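Structure first, commentary second.
The values are calculated or read from the model by the stated rules, or taken from the named source; none is laboratory data. It should be emphasised that the depicted structure is a prediction, and the values quoted were computed from it without experimental measurement. Because the Cβ atoms are built from the backbone with ideal geometry, glycine has one as well, and the counts that use them run over all protein chains shown. All accessible areas refer to the heavy atoms of the entire protein, side chains included, with ligands and DNA or RNA removed. Shrake-Rupley method; radii C 1.70, N 1.55, O 1.52, S 1.80 Å.
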Amino acid sequence: MDIVSMHHGKHCVPEWKWNVPIGCHPGFTLWSIWGGEGQMKLGNNCYRLSVGDVFFINYKSEVDAFQSEHASLDVRYIDFTLRNPEILSDLPEHRHFDQFHFVLELFNRFRAAEERNNQAQMEIWLRALITEYQTKAPVSSGAYTKPIDELCRMFQQQPQHPYDMSELAKSLSLTTDHFIRIFKQERGITPYSYLQRCRLETAKTLLRMSTLSITDIASSCGFSDIYNFSRFFQSKTGLSPRKFRS
């Protein structure tokens, strides 16, 4: 792979939309969702966007994307061009990473290398990202894949709701233990951990993008008081909500 140019960027603005006609971009983009919700259409394929989605966009189809009115997207991307673009002709256009932290770290390392203008390091991290994307096993479709996907979307869209795991298990005609095992098989983590991750990402988005008070953000993320919310947020990010916002 002979890299000609590469550049990191991000989108995290209210009322964001994106449209690129066929052939109007000179290279490729690795495009990742770090927070929020939205939709993307690549040619005839439509995707509901959530944390952990990564796209390889070659601009051979029209790109049309927009974010949810209530949960602004936090998008990080790398644009790049190659002298031998045919080498990536077989890459799928979409992957979903339930264990997203490693991909996130690779993006961060690329960005840090770009800030130092270290082209050699940038190339190392871009190659690592492409390798991770290439080797990600496609998601298998089991008997519970669709209902688990729907539950995950519900967690993402309504993180403030006081979910009862036993009731969710009953809705799938499962015992609680069996439900937790199946969810972990599908998503790699327990349903409670997934819900907590959705609450954290919602909190980050609201702190970045909204003017809501921290008390209101805590409530929007399912916390009954600001003390428990602040303790949770700091345990996950190393920063208080107030410091994260500033």
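Identify, please: which residue in region 46-81 is in a loop (DSSP other than H, G, I, E, B), touching a residue at least 12 places away in the same chain (Cβ under 8 Å) and of a type in the set (D, E, K, R) and is, among those, farthest from Lys10 (Cα to Cα)?
Across region 46-81, the extreme among qualifying residues is Lys60.
Would you be able to tell me the number of residues in region 176-199 that are among the aromatic types (Phe, Trp, Tyr) and over 13 Å from Met154 (Cβ atoms)?
Looking only at that region, the number is 2.
Quick check: anything in region 50-66 surrounded by fewer than 17 Cβ atoms within 10 Å (Cβ to Cβ) and modelled with pLDDT under 90?
So far as region 50-66 goes, yes, one or more of its residues are surrounded by fewer than 17 Cβ atoms within 10 Å (Cβ to Cβ) and modelled with pLDDT under 90.
Under 7 Å between Cβ atoms, at least 6 apart or on separate chains: pull out the pairs that start in region 91-116 with a residue that is free of Cβ contacts under 8 Å to residues at least 24 places away in the same chain and more than 16 Å from Arg197 (Cα to Cα) and end on any residue that is open to solvent by less than 70 Å² (accessible area, probe 1.4 Å) and among the polar types (S, T, N, Q).
Within 7 Å, the pairs are Ala113/Gln121.
So, Asp74, is that one under 23 Å from Met154 (Cβ atoms) and either among the acidic types (Asp, Glu) or open to solvent by 30 Å² or more (accessible area, probe 1.4 Å) (or both) or not?
yes
Out of Asp164, Asp225, which single residue is farther than 23 Å from Leu73 by Cβ, in contact with a helix residue (DSSP H, G or I) (Cβ under 8 Å, 6 or more places away or on another chain), acidic (Asp, Glu) and surrounded by fewer than 13 Cβ atoms within 10 Å (Cβ to Cβ)?
On inspection, the qualifying residue turns out to be Asp225.
Taking interchain pairs and intrachain pairs at least six residues apart, which have beta carbon atoms under 8 angstrom, with the first residue in region 1-22 and under 14 Å from Asp79 (Cα atoms) and the second open to solvent by less than 70 Å² (accessible area, probe 1.4 Å) and polar (S, T, N, Q)?
That search, which allows pairs on different chains as well, returns Ile3/Thr81; Val4/Thr81; Ser5/Thr81; Met6/Thr81.
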